[in-house]
Amino acid sequence: MNGQDTFAIDPWGVVEHGLDLDGLARAESVFALSNGHIGLRANLDEGEPHGLPGTYLNGVFELRPLPYAESGYGYPESGQSVINVTNGKIIRLLVDDEPFDLRYGGLHQHQRSLDFRDGVLRRTAEWTSPAGRTVKVSSARLVSLTQRAVAAFDYTVEAVDGPVRIVLQSELVANEQLPDGERDPRAAAVLEAPLVAEAHEAVGTKAVLVHRTRYSGLRVAAGMDHLIEGPDRFEATAEATEHQGRISVTTVLQAGERLRLVKFIAYGWSATRSLPAVRDQVEAALTAARYTGWDGLVAEQKGFLGDFWGGSDIEVEGDVELQQAVRFALFHVLQAGARSEERAIPAKGLTGPGYDGHSFWDTETFVLPVLTYCLPTAVDQALRWRHTTLPMARERATQLGLAGAVFPWRTIRGEECSGYWPAGTAAFHIGADIAAAVVRYVHATGDVEFERTWGLELLVETARMWRSLGHHDPAGRFRIEGVTGPDEYSAVADNNVFTNLMAQANLRAAAEAATRHPLEAGALGVDTEEAAAWRDAAAAMFVPYDENLGVHPQADGFTDHQLWDFDSTPAENYPLLLHYPYFDLYRKQVVKQADLVLAMQVRGDAFTDEQKARNFAYYERLTVRDSSLSACTQAVIAAEVGQLDLAYDYTAEAALMDLHDLGGNTRDGLHMASLAGACIALVAGFGGLRDRAGRLSFRPRLPSGLRRLSFALRVRDNLLRVEITHATTTYTLRRGESIQVQHDGEVLEVKAGSPLHRPTVVAEVPPERCTQPPGREPARRHPQAGVHAQPIEHLPAE
């Protein structure tokens with residue numbers, strides 16, 4: 001059974017009918033709940049069977065060894081891995097002493113549903129035990145978006161025939177046994193039982209466990225409290241050991257009677273606070289949650305999400321599955337960053353342990369652009385987290401012989417955790433990605449105080465890094481050599497176009513910000529000479545161009561490389577990195593993910609329309625999309641150059657990456673960048689959104705498979721809604737007095753109460769569809785008649 005068979009299509013949620021035991025891990029990711037601080041995989045309430053148990057706290061990790069066959073100067077000495085913290089999800093049910101285990105007995109009905117409008121995961125089941133006793137179970141859970149430390153569960157068991165003796169065991173479990181993985185055995189030994197007990201207590205209906213991570217030294221507290229409703233006679237007991245807390249409730253139910261258990265759990269952690277302080281934080285959160293109650297938490301959740309969807313929804317008419325997928329994407333991107341509060345947004349969010357829970361450049365390049373216009377407070381917090389890591393980034397720069405700050409390619413706390421230099425540290429572009437996120441956030445919000453207090457220093461230190469990393473050649477051109485761009489099938493190259501153009505923007509932005517904030521810049525040691533050096537480097541930035549082919553090489557000399565032999569590459573050999581040595585990949589023209597094409601998206605001002613069309617066609621036939629980060633970018637540029645149906649195919653691929661499990665690895669967590677990228681594909685691709693120097697411009701167009709697209713953007717104190725049909729684009733200001741935008745080059749002043757209508761761009765003669773490497777074409781979303789065609793097939797992805 002694949003993802004397409006598992007989940008019903010619903011524009012406002014995800015529904016699973018039945019239970020696919022082989023697909024449990026995938027469903028646990030799809031139905032995962034998070035608020036950016038707490039992450040709960042959708043393991044069944046009773047704990048077993050499970051695919052991959054997971055309870056995560058953002059920023060809680062364990063140190064692990066990074067083994068090297070040969071060590072070298074500047075190699076990171078240890079890695080960081082997210083850990084499965086104390087599991088508070090478990091509510092075991094025993095029916096006349098038999099465990100409620102769906103692998104045994106008779107399962108008559110099972111359904112799970114997640115409603116994006118209230119953020120509640122609901123479940124119903126009817127089951128007959130091997131001894132013939134039948135019960136109905138209904139449960140609901142949420143991770144609060146308003147009470148950051150809290151999650152809650154509403155669990156009810158009903159006797160269908162009776163009398164029947166029922167026991168509920170609500171648990172906290174630390175150092176939960178996990179399925180065997182493919183980890184390095186030295187790392188596995190470290191992570192097997194990462195939590196060392198410090199305190200435990202249980203009284204009444206409440207239990208609290210406090211642990212410390214063995215090597216990273218982080219203190220973690222977890223607590224639970226309960227409300228119990230049922231027959232007049234029931235008994236509740238509490239017990240706790242070092243790694244387990246348990247509240248047991250027992251009663252006898254007659255036919256039709258119910259036992260209801262409302263469970264509140266709370267988490268807290270700190271690297272510095274005392275045991276009593278962390279424990280008391282959890283106790284306080286439980287008290288607040290119990291006071292609010294289950295119904296109150298649900299009402300708060302609905303209110304939070306109602307405000308979010310009212311100002312951030314993307315509506316798609318003509319493709320209900322894509323509508324579901326884009327709301328699924330927005331919901332999970334929101335969950336990843338809503339309450340992260342000066343913590344990173346990991347590549348998998350808090351939905352699974354993939355990539356060891358690390359944050360990459362994905363956050364600033366794909367996730368933050370979406371959050372900037374729908375939840376800007378989350379962007380503020382994510383960039384403040386980057387600012388807190390500046391001391392480590394400066395130390396890393398010094399170690400590498402550079403000025404300024406070198407941010408890590410992958411990390412949880414802030415240190416570099418990549419043990420592979422060519423695809424890690426050499427990807428210096430992450431500094432410019434962070435700078436671009438700062439500039440975008442300030443333009444969109446007008447948050448001058450943020451720029452002055454946090455943004456300026458990020459811009460200055462990354463600009464210093466670029467000025468020291470690059471150099472002026474004898475011809476005066478500024479060159480940046482020995483770096484890796486977004487494409488991980490090319491490494492340690494000279495003058496990667498994406499890197500150079502992003503560095504150019506970074507240098508300019510730093511100089512301009514220093515001019516706006518001279519006192520603060522002076523306090524950072526910036527003088528007129530340094531700012532002038534940044535401007536000079538930006539003005540002289542070398543951008544390679546192949547005059548013979550009429551295209552930009554991805555990096556200096558890339559178009560001179562031998563072409564990869566795509567015709568002789570069998571389908572089962574993708575992704576290539578699992579079947580061919582990097583040595584071979586690095587020397588050939590083959591592209592893992594959009595690189596030069598991404599440069600055209602984020603620095604479109606540096607290319608002419610003709611160059612974009614020629615570049616896109618050239619790189620389409622080289623790009624194999626062995627990364628989930630590629631399809632969304634290819635969708636944006638395909639739309640810009642008029643290949644609307646191709647853009648539609650790529651948009652669907654990005655949006656359905658996890659719902660259809662296209663990469664075959666959704667079990668390890670969702671692909672946050674691909675989900676965010678699906679939103680970008682719709683808004684920046686078909687909406688044509690670009691933000692140049694703080695002014696929004698649009699060049700709308702729709703593919704044949706869609707009838708209408710609408711979206712809303714929060715810009716400064718305004719809420720702008722854009723609605724696109726094949727004939728007309730309408731701009732409506734829902735909040736604010738006026739805003740200036742561009743529509744297909746025309747400057748518009750959109751005022752409150754006065755929607756503006758303009759014709760939608762229509763290509764007179766659609767260009768010929770670009771070709772891709774054999775077997776790597778995106779699945780056709782719709783045939784020319786506009787009717788749904790073949791399902792999307794699996795393809796490897798990050």
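The values are calculated or read from the model by the stated rules, or taken from the named source; none is laboratory data. Here the structure is a predicted model, which means the values were calculated and not measured. Note: accessible area is taken over every heavy atom of the protein model, side chains too, but ligands, DNA and RNA are not part of it. Shrake-Rupley method; radii C 1.70, N 1.55, O 1.52, S 1.80 Å.
Give me a comma-separated list of calculated 3J(HN,Hα) values for region 81-98, in order, Karplus coefficients 6.51, -1.76, 1.60 applied at θ = phi - 60°, integers in Hz, x for any Gly or Pro.
Result, rounded to whole Hz: 10, 4, 10, 7, 7, 3, 8, x, 7, 6, 9, 7, 10, 10, 10, 6, 6, 9.
Pairs of Cα atoms under 8 Å, at least six residues apart: use those to get the relative contact order of the chain, whole percent.
It rounds to 11 percent for the chain.
Please report Rg over Rh for region 601-641, where both radii come from the alpha carbon positions and Rh follows the Kirkwood definition.
Rg/Rh: 0.96.
Quick one: which residues, 5+ away or cross-chain, put their amide H under 5 Å from the amide H of Arg708? H built at 1.01 Å from N.
Glu317
State, as an integer percentage, the relative contact order of region 249-380 based on alpha-carbon contacts under 8 Å between residues 6 or more apart.
It rounds to 15 percent for region 249-380.
Residues with amide H under 5 Å of Leu748's amide H, sequence separation 5 or more or different chain, H placed in the peptide plane at 1.01 Å from N; which?
Val741, Gln742, His743
Using modelled backbone amide H atoms (1.01 Å from N, in-plane), which distant-in-sequence or interchain residues come within less than 5 Å of Glu242's amide H?
none
Return one whole number: the accessible area per residue of the chain in Å², for a 1.4 Å probe.
Ligands and nucleic acids excluded, the result is 36 Å² per residue.
Over 10 Å intervals from 0, what percent of Cα-Cα pairs in region 572-714 sits in each interval?
In order of increasing distance, the bins hold 11, 39, 34, 13, 2 percent.
How high is the relative contact order of region 482-567? Use alpha-carbon pairs under 8 Å, at least six apart in sequence, and give a whole percent.
Averaging sequence separation for qualifying contacts and normalising by length gives 31 percent for region 482-567.
How large are Rg and Dmax for region 644-791 when calculated on the C-alpha trace, in angstrom?
17.2, 52
Answer rounded, prolate or oblate for region 218-351, using the Cα gyration tensor with square roots of eigenvalues a ≥ b ≥ c: rounded when a/c is under 1.5, else prolate when a/b is larger than b/c, else oblate.
oblate
Mind listing the phi-derived Karplus ³J(HN,Hα) values for region 584-596, rounded to whole Hz, using 6.51, -1.76 and 1.60 with θ = phi - 60°, and x for any glycine or proline?
6, 4, 5, 8, 10, 7, 8, 10, 5, 8, 3, 10, 4
Quick check on the chain: helices-only [θ] at 222 nm, where DSSP H runs of length 4 and up contribute -39,500 (n - 2.57) each and the sum goes over total residues. Nearest 500, please.
-9000 deg cm²/dmol
Take the Cα gyration tensor of the chain, multiply each eigenvalue by 5, square-root it, and list the three semi-axes largest first, rounded to whole angstrom.
The equivalent ellipsoid of the chain has semi-axes of 45, 30, 26 Å.
Could you derive backbone 3J(HN,Hα) for region 418-423 from the dihedral phi with the Karplus parameters 6.51, -1.76 and 1.60 (θ = phi - 60°), listing whole Hz in sequence and x where the residue is Gly or Pro?
Rounded to whole hertz, the list is 8, x, 10, 4, x, 9.
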